[in-house]
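Data first, discussion second: the structure below is written as structure tokens.
The values are calculated or read from the model by the stated rules, or taken from the named source; none is laboratory data. Quick caveat: nothing in here was measured; it's all calculated off a predicted structure. With ideal geometry, Cβ positions are generated from the backbone for all residues, glycine too; neighbour counts draw on all protein chains shown.
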Amino acid sequence: MASPALSFVIPLYHSAETIGAVVREIESFTIPGGHEIILVNDGSADMTSEVCRELIRSAADRRGPGPSVPIILIEHARNYGEHNAVLTGWRHASGAHIVNLDDDGQNPPTEAVRLWEHAVATGLDVVFGHYETKQHAAWRNFGSWLTLRMTDWALDKPPGFYLSSFRCVSAFVARQVVGYAGPYPYIDGLLLQVTQRIGSIHVRHEARQAGQSTYTLRRLIRLWLSAWVNFSVLPLRVATVMGFALGFVGLLALGSVAWLWWHDLGPESGWGWLMAALLIFSGTQLVLLGLIGEYVGRMFLAVNQRPQSVVRDVIRN
């Protein structure tokens, strides 16, 4: 079979209520050069797997007399995370371009086609969808804003450039990125290491079709750590600067205490000040040690080849 023009990669986690409508809408498209759908079930504990298998079984009947849209279901052995699931999908995609979107309908498939059309028209390697209005909870919108600011400092990208999980990439870039085998991937960081031919367009962001988001604060913090620790030594440099700054402040404080003692101006008891300073410096040391430990721990897991993902089954129609 000739490679399709476009592959839709959709990571799934507890998606039984929403994925059917998304797949049916994609199947209704007529894409010049053809398209395929890659579903990656990332260890869902609900009926997601059964729903996807039924979609594969009934794909030809829904399509009618013409050829059915190829659908591939990939089952992870356990839950590994969204970025790990996207990379699994990219490894199995055969399209000249790959667009990945959410499983809950908040990324309209019609907008995914617009991303692809813009990538083809401009020759860009990566096109991100820029949401004008996001239909997320306030805490998650704040987390996205904070992630954007952090990546401005940590990653080699234009300041303020909007990164999102709704993106279209060329097959060339996807092949380079999937070579990364570390257990904590951050796809945007990997993309920016491969190419600077990136762009974005404004896209709609719809309300979730059903259910509740499974994206928790814990997952968001894990994403922040992947963006900072895996692709930048900036946190270590910040730790070094903080160490020098606190050491300088400590010397100034020592000089002040000596001057007060020499002029007999100091307080009779300095226990409170001493304990405050001790807590500040001890807390700072623990934070910096924890940061260094995060780097060492991730290197340990990478050296011991902790799997990025394990595929249990691959099912095709």
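Assorted remarks:
- Against the test of being farther than 17 Å from GLN106 by Cβ and of a type in the set (A, V, I, L, M), the options ILE10, ILE38, ILE19, ILE26 yield a single qualifying residue, ILE38.
- Of all the residues in segment 266-281, those that are at pLDDT 70 or above and of a type in the set (Gly, Ala, Ser) number 1.
- Qualifying residue in segment 282-295 (condition: more than 29 Å from GLY189 (Cα to Cα) and at pLDDT below 70): yes
- Qualifying residues in segment 9-41 (those that are in a helix (DSSP H, G or I) and of a type in the set (A, V, I, L, M, F, W, C)) - the one surrounded by the most Cβ atoms within 10 Å (Cβ to Cβ): VAL22
- Those helices (runs of 4 or more DSSP H) lying entirely in segment 92-208 with at least 2 residues under 27 Å from ASN41 (Cβ atoms) and either at pLDDT 85 or above or not assigned by TED's automatic domain parsing to the domain that holds ILE71 (or both): 109-122, 171-177, 187-194
- Test: SER213 is assigned to a loop (DSSP other than H, G, I, E, B), surrounded by 17 or more Cβ atoms within 10 Å (Cβ to Cβ) and at pLDDT below 75: no
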